[in-house]
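Worksheet: the structure to be examined is printed underneath.
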Amino acid sequence: MSVVTRFAPSPTGFLHIGGARTALFNFLYARHHGGRYLLRIEDTDRQRSTAEAIDAILDGLAWLGLEGDAPPVYQSQNAARHAEVAERLLAEGAAYKCYLSAEELDAQRKAARAEGRPMRIVSPWRDRDPADAPEDAAPVLRIKMPQDGETRIQDEVQGEVTIGHQQLDDFVLLRGDGSPTYMLSVVVDDHDMGVTHVIRGDDHLTNAFRQHHLYKACGWEPPSFAHIPLIHGPDGAKLSKRHGALGVDAYREMGYLPEALKNYLLRLGWAHGDDEVISEAQAVEWFDLPGVGRSAARFDFKKLEHLNGHYLREAEDARLTEAVIERLSRDIPVDDAGRARVAAGMAGLKTRAHTLAQLAQDARFYLERPQFPLDNPKAEKLLQGGGAAVARGAGEALAELEDWTEEALEAQLRAFAETHGLGFGKVAQPLRAALTGSNASPGLFELMVILGKTEVLARLLETPEH
Ligand code: GLU
């Protein structure tokens, strides 16, 4: 049997980081087993399923390279098919029309609360003669769930899980207006799409029991289920906004690379020995469900940043230059010369940054002169107590230099330091501050060559008194 997995998000306005991990696990499981990975947009809540909300999810998936192997299935388009399956179950006696009124349901809810037991709908219409049905009432269609015994599921992550049937009520398949419920739509679509493995968050575990029965009632083979633990924040509570960003788009904006985020999400709840940096090819080779842990994984922002730094250093300079220019050109003009400087400086810049946002900030001095007073207090301090004068003096000494190479610059600045009885650091540090506005930067001689003589002299000679 060839493996078919799917990711089935409901549009919520963005691709949730937990959803991205679910998509990744489905993608890797399918690739590992030589199967197919499909996408289904569960857009039955028409209010929430705006074009923007759907695009946000598709954009996030495209950015991560997790688009499905076929165009997405839109669940809302299958409503007629879902209703047809429900009608068949009705005809076969596996489902019934239920006329319980809102008041009657409310009374059941109150009674359950008073007795301190969980609410479980009991409908008299399960066994009642449909001829007794009230007129002009629009019934819902409920499945007949078994009333005794228990169901056991061999979940590929959770292991064997069992539920007593007294905990499951006759859930609704079709609402009063004839629209299908989530429970029905998911099962019919998964069956029709040939899904063999349902890998999703463990918040859906109890649904699996209901869905299992629905498969059986339809005469279909249920898929394998794998319910993966949800992601928690560093404090152990379910990941929420107060821990940090939840949407993949926010991580993209903060300057994480898709391969870094994927590597991070892969390790969040799945392990292969002690390996931390795992390429996509290795992930496809190694990923399987037994490696997924049963307890919730904690989101570790530092670890994500660390991994991102690694992938930034591995990334092609040209790609990073594009990304940095895109960011910087949002608020400063970038011409060809500026772009060329950033490109030339990229190898030196990327060794230091952990995100694209930082990389862009670090590259900024290649495009614009530092503004005084500097907003970096450490750099500002380097120019105080004579530092600014050293920068201007060095500017004068460099004005005579013809050969604008790293070696010649070094020799000239060392000579300048010696003449003034200064340690080399006492020259290099204020120069760095005057040229870049920062106390940390790529190699001084390298950036001086890239900035060029005219620009370096202008910056040094115009360093204001501090
Ligand atoms: N649409 C559901 C959700 O976003 C997932 C359904 C499923 O995976 O079965 O939570």
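The values are calculated or read from the model by the stated rules, or taken from the named source; none is laboratory data. Remember, it's a predicted structure, so these values are computed and weren't measured experimentally. Note that each Cβ is placed from the backbone with ideal geometry, even for glycine, and that neighbours are counted across all protein chains shown.
Inspection of the range 457-466 finds a residue satisfying the criterion of being within 42 Å of the chain's Cα centre (by Cα), at negative phi and modelled with pLDDT of 95 or more. Screening the range 41-72 for residues that are charged (D, E, K, R) and touching a helix residue (DSSP H, G or I) at 6+ places or on another chain (Cβ under 6 Å) and picking the one that is farthest from Trp286 (Cα to Cα) gives Asp43. For Thr5, the conditions (1) farther than 25 Å from Ala217 by Cα; (2) outside any helix (DSSP H, G or I); (3) not charged (D, E, K, R) all hold with the exception of (1).
If the condition is being within 13 Å of the ligand (Cβ to nearest atom) and touching a residue at least 60 places away in the same chain (Cβ under 8 Å), then the range 197-221 contributes His197, Val198, Ile199, Arg200, Gly201, Arg210, His212, Leu214. Checking each residue in the range 16-52 for being within 11 Å of the ligand (Cβ to nearest atom), of a type outside the set (Val, Ile, Thr) and part of a helix (DSSP H, G or I) picks out Gly18, Gly19, Ala23, Asn26.
The set of residues from the range 122-176 being in contact with a helix residue (DSSP H, G or I) (Cβ under 9 Å, 6 or more places away or on another chain), surrounded by fewer than 17 Cβ atoms within 10 Å (Cβ to Cβ) and in a loop (DSSP other than H, G, I, E, B) comprises Val122, Ala133, Lys144, Pro146, Gln147, Asp148, Gly149. Is it the case that Ile143 is closer than 30 Å to Leu39 by Cβ and away from the ligand (no atom under 16 Å from the Cβ)? Criteria met by Ile143.
The condition of being at pLDDT 95 or above and either in contact with a Leu (Cβ under 9 Å, 6 or more places away or on another chain) or closer than 25 Å to His16 by Cβ (or both) holds for only one of Arg294, Arg341, that being Arg341.
Here Pro71, Pro118 are screened, and the one residue that is over 31 Å from the mean Cα position of the chain (by Cα), surrounded by fewer than 16 Cβ atoms within 10 Å (Cβ to Cβ) and either part of a loop (DSSP other than H, G, I, E, B) or of a type in the set (D, E, K, R) (or both) is Pro118. For beta carbons closer than 9 Å, sequence separation of 6+ or different chains, a first residue in the range 8-22 that is without any contact (Cβ under 8 Å) to a residue 12 or more places away in the chain and a second that is within 11 Å of the ligand (Cβ to nearest atom) and in a loop (DSSP other than H, G, I, E, B), there are no qualifying pairs.
Filtering Gly395, Gly421, Gly425 for residues that are more than 41 Å from the chain's Cα centre (by Cα) and not in a helix (DSSP H, G or I) leaves a single hit, Gly421.
For the range 84-104, the condition of being more than 12 Å from the ligand (Cβ to nearest atom), surrounded by fewer than 18 Cβ atoms within 10 Å (Cβ to Cβ) and under 23 Å from the mean Cα position of the chain (by Cα) holds for none of the residues.
Yes/no per residue for (1) more than 28 Å from the chain's Cα centre (by Cα); (2) part of a loop (DSSP other than H, G, I, E, B); (3) buried (at least 18 other Cβ atoms within 10 Å of the Cβ); (4) modelled with pLDDT under 95:
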site: Thr206; (1), (2), (3), (4): no, no, no, yes
site: Phe209; (1), (2), (3), (4): yes, no, yes, no
site: Tyr215; (1), (2), (3), (4): yes, no, no, no
site: Pro222; (1), (2), (3), (4): yes, yes, yes, no
site: Pro234; (1), (2), (3), (4): no, yes, no, yes
site: Arg242; (1), (2), (3), (4): no, no, no, yes
site: Ala245; (1), (2), (3), (4): no, yes, no, yes
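All told, Val186 falls short of being closer than 14 Å to Glu42 by Cβ, within 12 Å of the ligand (Cβ to nearest atom) and part of a strand (DSSP E or B).
Of the residues that sit in the range 1-15 and are of a type outside the set (S, T, N, Q) and more than 12 Å from the ligand (Cβ to nearest atom), which one is surrounded by the most Cβ atoms within 10 Å (Cβ to Cβ)? Top of the filtered list is Val4.
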